[in-house]
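Enquirer: Below is a structure I'd like to ask you about.
Rule-based calculations on the coordinates, nothing more; no lab input. As the structure is a prediction and not an experimental result, all values here were calculated from the model. Because the Cβ atoms are built from the backbone with ideal geometry, glycine has one as well, and the counts that use them run over all protein chains shown.
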Amino acid sequence: MLTSKRPKEDNKAFFSPQLSLDDQSIMNSTETESILVGLTGGIASGKSTVIRYLRDNGYSIIDADKLGHRVLEPGTHGYKKVVETFGKGILHPEGTVNRPALGKIVFLDPQKLKRLNEISHPIIADMIQKEYEKLVSDCVRKIVFLEAAILIEANWHKVCQHIWVVTLVPEIAMLRLQERDGLNKTEAQARIESQLSPDDRLAYADVVLKNEGSQEDLIIKTQHALQELKQL
């Protein structure tokens, strides 16, 4: 189950006081027994199944996507910058961000997606740091999981000691994404192509969870990965 595919230059350290996109010098944490596990995978790959199992079994989870939702809450700095950048056309009548509308804009234009990421990623990174500090003191076996579809792209993998990657056949992922989010083929393809390719993502993996069967099969693989993690 354990692999050594992560590029050697990305050896992990513990959380730094400042988690930033450009941070290359991660300081050792005083929580020397803690482990931050990055969990990633392509969109619609099955990460939610793994996370649901981990949460049900008492593991602490930092959900980067949910933190991303908080970035867009009215009144926040992130909300103001996003509306300033993309216009009031991305808002619902009551003033909240229409996330599907924003998604259609940025996922069809790489430069606009880049601009959104420049606004949101540093804010999310700060939230991750604070969530980790809050959770690590009383989490199961000092293990915290960071779930992020863009873990690698956003450079958040650099503060993880281990990386788990969930994989799924791209054709199946495409169909799941269309069904789940109500997207047409062009929209679904654009979202998939906005992320790393499966091969590029696997280059960072310590553990690969192949989602090639039922949910029960994926859970069994997750259980095996946990046992190996506890033995490290």
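Enquirer: With His162, His157, His224 as the choices, which residue is touching a residue at least 60 places away in the same chain (Cβ under 8 Å) and either surrounded by fewer than 18 Cβ atoms within 10 Å (Cβ to Cβ) or of a type in the set (Val, Ile, Thr) (or both)? I'd like the intermediate steps shown before the answer.
Expert: Values: His162 fails: either surrounded by fewer than 18 Cβ atoms within 10 Å (Cβ to Cβ) or of a type in the set (Val, Ile, Thr) (or both); His157 fails: either surrounded by fewer than 18 Cβ atoms within 10 Å (Cβ to Cβ) or of a type in the set (Val, Ile, Thr) (or both).
Residue meeting the stated conditions: His224.
Enquirer: Just a yes or no: is a residue in region 212-221 within 24 Å of Glu153 (Cα to Cα) and either surrounded by 14 or more Cβ atoms within 10 Å (Cβ to Cβ) or touching a Ser or Thr at 6+ places or on another chain (Cβ under 7 Å) (or both)?
Expert: Initial filter on region 212-221 (within 24 Å of Glu153 (Cα to Cα)): none.
Scanning region 212-221, I find no residue that is within 24 Å of Glu153 (Cα to Cα) and either surrounded by 14 or more Cβ atoms within 10 Å (Cβ to Cβ) or touching a Ser or Thr at 6+ places or on another chain (Cβ under 7 Å) (or both), so the answer is no.
Enquirer: Among residues belonging to region 36-58 that are among the small types (Gly, Ala, Ser) and assigned to a strand (DSSP E or B), point out the one that is surrounded by the most Cβ atoms within 10 Å (Cβ to Cβ).
Expert: Start the filter on region 36-58 by keeping residues that are among the small types (Gly, Ala, Ser), which leaves 38, 41-42, 44-46, 48, 58.
Okay, now just the ones that are also assigned to a strand (DSSP E or B), so 38, 41.
Values: Gly38: 26, Gly41: 28.
The extreme case among them is Gly41.
Enquirer: Go through region 67-108 and give me each residue that's within 21 Å of Ile128 (Cβ to Cβ) and among the acidic types (Asp, Glu).
Expert: Glu73
Enquirer: Could I ask something else about it? Restricting attention to region 174-184, which residues are in a helix (DSSP H, G or I) and either buried (at least 19 other Cβ atoms within 10 Å of the Cβ) or not charged (D, E, K, R) (or both)?
Expert: Restricting attention to region 174-184, the residues satisfying the condition of being in a helix (DSSP H, G or I) are 174-181.
Across region 174-184, the qualifying residues are Met174, Leu175, Leu177, Gln178.
Enquirer: Just to be sure I understand the filter: pairs with C-beta atoms under 7 Å, separated by 6 or more residues or on different chains, first member in region 123-139 and in contact (Cβ under 8 Å) with a residue 12 or more places away in the chain and of a type in the set (D, E, K, R), second member assigned to a helix (DSSP H, G or I) and surrounded by fewer than 13 Cβ atoms within 10 Å (Cβ to Cβ). Which pairs pass?
Expert: Hits for this filter: zero, empty list.
Enquirer: So which residues in region 108-140 are of a type in the set (A, V, I, L, M, F, W, C) and either within 30 Å of Glu193 (Cβ to Cβ) or in contact with a Pro (Cβ under 6 Å, 6 or more places away or on another chain) (or both)? Give the steps one after another, and end with the answer.
Expert: Taking region 108-140 as the starting set, the residues that turn out to be of a type in the set (A, V, I, L, M, F, W, C) are 108, 113, 116, 119, 123-125, 127-128, 135-136, 139-140.
Hits for region 108-140 are Leu108, Leu113, Leu116, Ile119, Ile123, Ile124, Ala125, Met127, Ile128.
Enquirer: Going through region 77-95 one residue at a time, which ones are surrounded by 13 or more Cβ atoms within 10 Å (Cβ to Cβ), over 12 Å from Leu116 (Cα atoms) and touching a residue at least 12 places away in the same chain (Cβ under 8 Å)? Walk me through it before giving the result.
Expert: Initial filter on region 77-95 (surrounded by 13 or more Cβ atoms within 10 Å (Cβ to Cβ)): 78-79, 81-83, 85-86, 90-91.
Okay, now just the ones that are also over 12 Å from Leu116 (Cα atoms), so 90-91.
Within region 77-95, just Ile90 meets the criteria.
Enquirer: Right, next: I need a count of the residues in region 144-192 that are of a type in the set (D, E, K, R) and within 16 Å of the chain's Cα centre (by Cα). Even if it seems obvious, please write down each step before you answer.
Expert: So the first thing to find is which residues in region 144-192 are of a type in the set (D, E, K, R), and the list is 147, 153, 158, 171, 176, 179-181, 185, 187, 191.
Those left that are additionally within 16 Å of the chain's Cα centre (by Cα): 147, 153, 158, 191.
Of the residues in that region, 4 qualify.
Enquirer: Continuing with this model, one more query. Output the residue which, of all residues in region 107-121 that are touching a residue at least 60 places away in the same chain (Cβ under 8 Å) and surrounded by 19 or more Cβ atoms within 10 Å (Cβ to Cβ), is nearest to the chain's Cα centre (by Cα).
Expert: Kept after step one, since they are touching a residue at least 60 places away in the same chain (Cβ under 8 Å), are these residues of region 107-121: 107-108, 110, 113, 121.
With the extra rule that they be surrounded by 19 or more Cβ atoms within 10 Å (Cβ to Cβ), the set shrinks to 107, 121.
Details: Phe107: 17, His121: 11 Å.
By that ranking, first place goes to His121.
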